[in-house]
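The values are calculated or read from the model by the stated rules, or taken from the named source; none is laboratory data. The shown structure was predicted, so the numbers you read here are calculated from the model rather than taken from an experiment. FYI the Cβ positions are ideal-geometry reconstructions off the backbone, even for glycines, and counts take in every protein chain you see.
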Amino acid sequence: MINDASINLSILEASPDGIVITDINGIIVKTSPSAMKMFGYSESANVAGWSILKFISSDEHKLVYQCMELMLSGDNGGAKEYIGVREDGNLFNLEINNNSIKGEENEIVGFIFITRDITEKKRVAESVERENSLMDAIFESVPGMIYLYDSEGKLIRWNKKHQHLTGYTKEEIDKKYVMDWFEGDPESAKKISEGIKQAFEVGFGEVEAFLKTKDGNRIPMYFTASGVDIDGKPHLAGIGVDLTDQKERENELIIAKERAQEADRLKTAFLQNISHEVRTPLNSILGFLELIDDSETDEESRKSYIKIISMSSKRLLNIISDIISISSLQTGQERCRYSEVSLHSLFNNVYENFQIFAQEKKISFRMEIPPEDLIIKTDESKMIRVLSNLLSNAFKFTEKGEVTFGYNSAGTNLNCCIKDTGQGIKEEQLQDIFKVFTQGDINLNRSYEGSGLGLSIAKAYVNMLGGEIKVKSAIGEGSQFCFTLPLNSDKT
């Protein structure tokens, strides 16, 4: 006949978990073979009379006492984790389920501890946790938005970049479906639908489309998607990359290319113009020299030819000077030489030099300067060059009316202006008028001469002298070039 004692003994012997029975003070009464093996003892070892604390790390003895107090109060406390101690002193992860043992009168007479070695379980759990932490770190460090949609097209997982890029909160994104991001944009919606179809048919899809953000903006995006099976249901996983910076760089490259092509075109036109401008006075010089050398040329004609040769030589010299100046400016070799300059003397000299232009074109030429002389510290030769280039430009484009130039002082600055009643400059050309190789008209058959470098040189010299130059003009109303310079430069 099988009795309760034999049954209980069989359970104790056969249990894969370790079983330790103690009295109400935690003194061991009985242990199962599995428990002895778990704690590293031989089955023949006699541990009866030992405290259960012998099997637990001293750091956790207090927890064991708390557990026994709970059981005495009628609460088994549930499973708990401890650090177990083997006979050789090695520690391991231990899980204990415990309960009280009651006597015939329902009083608590002892405790039963069911122990389980969970070292491997903990190792696996920690490994999984590390892998999950690593995956989460990778998930969040990806520069693009990551998304996972379920079989209904509902967004079920995403990274913080997704929230940052779209502007939605976690709670708001939780309600989103895949096509919500392309609402109001049929073209992008169509591309996305085709990409999703491709992802499920061939395993991978990629498209470029515009994603709608919370504030209504549409961001150019590159989307990838892969069809994946999770729990027997199709899901869509992928990455979205913001193309805004890339698109801006592409546009910048296109603009830079167009500017380079335009600069190349202007440079070619400039070189053609320079070639024409050099040949014209040179041909004139050579042609009239032959006429002067002709024995049949009378004295009066020789004087006229010499005058023409002189003017052509000056024109050729000006062109060569412009080329040398612009070359020095572009290579950074140009320097300023500062000295004290009398503005009365400087402006009167420039005025006398340009009287001949006014007489030849039969237009009025006026100089407006204060009655009292003003001494400033500047580079005299460069200031003369600036005034000369601006006046040359004014006379070139003025067929009737007048050309006026002068100066006045305001605070610590000198203000100089050159005004004309010429043909004026188109509004769209004003922003480029000071650029090298740029003229209002670069055709060789235009009605005026010049290299197209004068205004560029004038602006460069004004900037070198610490000033600023501006232009106002309108077609048919003439032009006004004004520049400011410091009255006294601190440079020497």
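Numerical summary
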quantity: Residue check, L387 touching a Cys at 6+ places or on another chain (Cβ under 8 Å) and assigned by TED's automatic domain parsing to the domain that holds E477; calculated: yes
quantity: Residues of region 27-46 classified as buried (at least 18 other Cβ atoms within 10 Å of the Cβ), in contact with a Ser or Thr (Cβ under 9 Å, 6 or more places away or on another chain) and of a type outside the set (F, W, Y), total; calculated: 6
quantity: Of all residues in region 158-183 being in contact with a helix residue (DSSP H, G or I) (Cβ under 9 Å, 6 or more places away or on another chain), closer than 13 Å to L148 by Cα and part of a loop (DSSP other than H, G, I, E, B), the one that is modelled with the lowest pLDDT; calculated: N159
quantity: Pairs where the first residue, in region 326-339, is loosely packed, with under 14 Cβ neighbours inside 10 Å and the second is in a loop (DSSP other than H, G, I, E, B), C-beta under 7 Å, 6+ apart; calculated: R337/D379
quantity: Single residue of K435, K470 found to be modelled with pLDDT of 90 or more and over 27 Å from K362 (Cβ atoms); calculated: K470
quantity: Region 78-90: number of residues that are aliphatic (A, V, I, L, M) and either exposed (fewer than 15 other Cβ atoms within 10 Å of the Cβ) or outside the structural domain of I27 (by TED's automatic domain parsing) (or both); calculated: 2
quantity: Complete set of residues in region 230-246 that are outside any strand (DSSP E or B) and farther than 24 Å from P220 by Cα; calculated: D231, G232
quantity: Residue count, region 119-146 (criterion: outside any helix (DSSP H, G or I) and loosely packed, with under 11 Cβ neighbours inside 10 Å); calculated: 1
quantity: Residues being among the β-branched types (V, I, T), in contact (Cβ under 8 Å) with a residue 24 or more places away in the chain and closer than 30 Å to D242 by Cβ - total across region 88-145; calculated: 1
quantity: Residue that is farthest from M36 (Cα to Cα) [pool: residues in region 86-116 that are small (G, A, S) and assigned to a strand (DSSP E or B)]; calculated: S100
quantity: Region 346-373, residues that are in contact with a strand residue (DSSP E or B) (Cβ under 7 Å, 6 or more places away or on another chain) and more than 17 Å from C482 (Cβ to Cβ); calculated: Y351, F354, Q355, A358, I363, S364, F365, D373
quantity: Residue in region 184-198 that is outside any helix (DSSP H, G or I) and in contact (Cβ under 8 Å) with a residue 24 or more places away in the chain present; calculated: yes
quantity: Residue within region 389-396 that is among the aromatic types (F, W, Y), at pLDDT below 95 and in a helix (DSSP H, G or I) present; calculated: yes
quantity: Region 213-255: number of residues that are free of Cβ contacts under 8 Å to residues at least 40 places away in the same chain, among the small types (G, A, S) and surrounded by 11 or more Cβ atoms within 10 Å (Cβ to Cβ); calculated: 3
quantity: Residue in region 233-249 that is under 30 Å from I433 (Cα atoms) and among the acidic types (D, E) present; calculated: yes
quantity: Tally, over region 351-371, of residues that are buried (at least 19 other Cβ atoms within 10 Å of the Cβ), part of a helix (DSSP H, G or I) and either among the basic types (K, R) or touching a Lys or Arg at 6+ places or on another chain (Cβ under 9 Å) (or both); calculated: 0
quantity: So D75, is it at pLDDT 90 or above and either of a type in the set (A, V, I, L, M) or not assigned by TED's automatic domain parsing to the domain that holds Y222 (or both); calculated: no
quantity: When residues of region 58-77 are limited to those that are of a type in the set (S, T, N, Q) and free of Cβ contacts under 8 Å to residues at least 12 places away in the same chain, the one surrounded by the most Cβ atoms within 10 Å (Cβ to Cβ); calculated: Q66
quantity: Failed criterion for I425 (all others in (1) modelled with pLDDT of 90 or more; (2) in contact with a Gly (Cβ under 9 Å, 6 or more places away or on another chain) hold); calculated: (1)
quantity: Residue in region 187-203 that is surrounded by the fewest Cβ atoms within 10 Å (Cβ to Cβ), counting only those that are of a type outside the set (K, R) and under 30 Å from the mean Cα position of the chain (by Cα); calculated: E187
quantity: Any hit, region 375-385, residues being modelled with pLDDT of 95 or more, of a type in the set (V, I, T) and under 25 Å from P486 (Cα atoms); calculated: no
quantity: Residue in region 372-382 that is under 25 Å from I308 (Cα atoms), among the aliphatic types (A, V, I, L, M) and surrounded by 17 or more Cβ atoms within 10 Å (Cβ to Cβ) present; calculated: no
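A quick yes/no check of all residues on (1) modelled with pLDDT under 80; (2) in the same structural domain as E380 (by TED's automatic domain parsing); (3) within 50 Å of the chain's Cα centre (by Cα):
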{"site": "S295", "(1), (2), (3)": "yes, no, no"}
{"site": "I306", "(1), (2), (3)": "no, no, no"}
{"site": "L317", "(1), (2), (3)": "yes, no, yes"}
{"site": "S327", "(1), (2), (3)": "yes, no, yes"}
{"site": "N349", "(1), (2), (3)": "no, yes, no"}
{"site": "N353", "(1), (2), (3)": "no, yes, no"}
{"site": "Q359", "(1), (2), (3)": "no, yes, no"}
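Yes/no per residue for (1) of a type in the set (V, I, T); (2) modelled with pLDDT of 90 or more; (3) over 46 Å from the mean Cα position of the chain (by Cα); (4) assigned by TED's automatic domain parsing to the domain that holds F39:
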residue	(1), (2), (3), (4)
F92	no, yes, yes, yes
N97	no, yes, yes, yes
N106	no, no, yes, yes
I112	yes, yes, yes, yes
R130	no, no, no, no
